[in-house]
Amino acid sequence: MEYESSSSIWDGVYYHPHLFGGLMLTAALLGLSTSYFGGLGYSYLPYMWSDLGVFYKKKSEKKRIRVYMDGCFDLMHYGHANALRQAKALGDELVVGVVSDEEIVANKGPPVLSMEERLALVSGLKWVDEVIANAPYAITEKFMNSLFNEHKIDYIIHGDDPCLLPDGTDAYALAKKAGRYKQIKRTEGVSSTDIVERILSSLKDAKACENHDNTSPLPSDDHKGSQSNSSRISQFLPTSRRIVQFSNGKGPGPNARVVYIDGAFDLFHAGHVEILRSARQLGDFLLVGIHTDQIVSEHRGKGHPIMHLHERSLSVLACSYVDEVIIGAPWEVTRDMVTTFNISLVVHGTVAESNSLLAGEPDPYAVPKSMGIFWMLDSPKNTTTTSVAQRIVANHEAYLKRNAKKAESEKKYYAEKVHVSGD
């Protein structure tokens with residue numbers, strides 16, 4: 001039988017003063033001195049007095065609450081990250097289910113990213129503890145029992161936006177009926193549907209720029225969402241509180257090896273996660289510079305970036321390998337930057353956008369190269385923002401159809417939307 005430390009004796013005195021007083025009075029009447037008790041030794045007292053009920057068993061550790069949240073996580077964005085951040089806040093351990101490719105096709109249309117890529121993105125988030133691959137789109141009774149019994153899940157989490165099956169029923173009806181469902185607040189201003197629209201619109205803008213004389217007009221597709229990129233203003237409203245929620249809030253130690261890597265990090269993808277992981281392994285603190293929208297547009301052309309600066313910053317901050325970001329980093333790494341942030345190593349991946357360097361422009365890494373602190377880092381993946389966008393372009397019609405279907409549920413959600421408290 002285990003007992004707590006010496007504080008347990010005083011707990012006994014506090015909660016049973018009459019019993020303790022009676023013991024001491026009896027000892028006095030019998031002529032027993034304090035030296036007698038000293039002879040018994042302190043370690044013996046708990047065992048002698050425990051039979052009288054004065055002391056309690058050592059308190060057991062508090063049960064850790066395990067919560068589960070699932071999703072397609074296709075074209076991973078800061079809205080997904082914020083949902084998982086909120087879910088983690090409702091428990092101690094977050095288990096995330098990544099819906100299978102087959103289930104996505106059956107319920108929403110073709111995914112842009114493969115299962116492997118989506119797993120890499122979800123696993124790389126700072127709030128995720130475990131991942132379940134090939135999760136079902138709907139919470140079936142069999143799967144729900146598996147979550148409760150095998151994975152020891154206490155609650156199933158989802159956002160306040162509806163998740164309906166093709167037959168119109170609620171995908172989380174069983175979890176709600178079981179009383180093991182909790183709801184979080186949806187992050188406004190972004191969705192995978194919206195990102196697909198932005199990509200298709202940026203393509204139209206680029207082609208329109210090439211054909212500015214209108215001799216070869218592009219088809220309209222008769223789709224309401226196919227607007228110019230300039231007219232599709234992001235609905236995301238960046239706040240300082242959101243940035244704080246995503247930040248680690250810690251700086252590097254005095255002798256930390258600070259590694260710096262910069263880029264656009266547009267359409268945050270698995271290639272980004274892997275290069276950040278590799279960069280972090282080279283030091284103690286990973287500082288990421290995120291280029292401004294203007295810099296990205298100058299180097300990648302009209303219609304870029306797809307995601308604006310604050311959106312890209314949150315996506316990078318959500319990555320577990322990142323310690324800090326510079327929001328709006330300069331194109332060139334200067335000596336002053338190296339000194340200010342105490343940078344030990346500057347790295348750049350071998351895979352990058354082909355047009356990232358303008359003709360005749362000075363090398364942005366000239367200074368760290370001259371200081372002997374520059375390193376070309378082998379990119380673990382060949383994925384780029386352009387290659388991800390090209391997947392959507394190649395399957396243009398399928399994604400237009402998918403978006404049209406999703407647009408109806410989005411319209412209904414906003415028409416019936418009510419305020420939901422939360423973060």
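The values are calculated or read from the model by the stated rules, or taken from the named source; none is laboratory data. Nothing here was measured: the structure is a model prediction, and the numbers come from that model. Cβ sites come from the backbone with ideal geometry, for glycine too, and all protein chains shown count toward neighbours. The protein model used for the area step is the full one, side chains on, heavy atoms only, and it has no ligands, DNA or RNA in it. Shrake-Rupley method; radii C 1.70, N 1.55, O 1.52, S 1.80 Å.
Quick notes on this one:
- Coupling constants for the range 109-119 follow from the phi torsions by the Karplus curve (6.51 cos²θ - 1.76 cosθ + 1.60, θ = phi - 60°), and in residue order they are x, x, x, 7, 9, 6, 4, 4, 5, 5, 5 Hz; glycine and proline get x.
- Simple Cβ-charge dipole of the range 249-389, Lys/Arg +1 and Asp/Glu -1, about Cα centre, in debye nearest 20: 260
- Surface analysis of the range 66-184 yields an accessible area of 39 Å² per residue, using protein heavy atoms and a 1.4 Å probe.
- Simple spin-label estimate for Asn145 and Asp92 gives 2.8 nm between the two label positions (7 Å along the Cα-to-Cβ direction from each Cα).
- Alpha-carbon centroids, the range 323-340 and the range 130-197: separation in whole Å: 40
- For Val131, nonlocal amide neighbours, meaning residues 5 or more places apart or on other chains whose placed amide H falls under 5 Å from its own, are Val96.
- Within the range 149-206, none of the trypsin sites (Lys or Arg not before Pro) combine a DSSP coil assignment with at most 11 other C-beta atoms in a 10 angstrom radius.
- Leu174, Leu287, ranked by accessible area, largest first (probe 1.4 Å): Leu174, Leu287
- When the C-alpha to C-alpha distance is required to be over 23 Å, the pairs from Lys88/Lys182; Lys250/Lys381; Lys88/Lys185; Lys108/Lys177 that qualify are Lys250/Lys381; Lys108/Lys177.
- Cα-centred dipole magnitude for the range 66-184, charges only on beta-carbon of K, R (+1) and D, E (-1), debye, nearest 20: 400
- Note that the range 249-389 shows a convex hull volume over its alpha carbon atoms of 104 Å³ per residue.
- Extension gain for Asp336-Leu237 works out to 32.5 nm (0.36 nm per residue, less the C-alpha to C-alpha distance).
- Simple label model, 7 Å out from Cα along Cβ direction - Ala178 to Ile65, nm: 1.7
- A prolate overall shape is assigned to the range 144-195, the ratio a/c of its alpha-carbon gyration tensor axes (a ≥ b ≥ c) being 1.5 or greater and a/b exceeding b/c.
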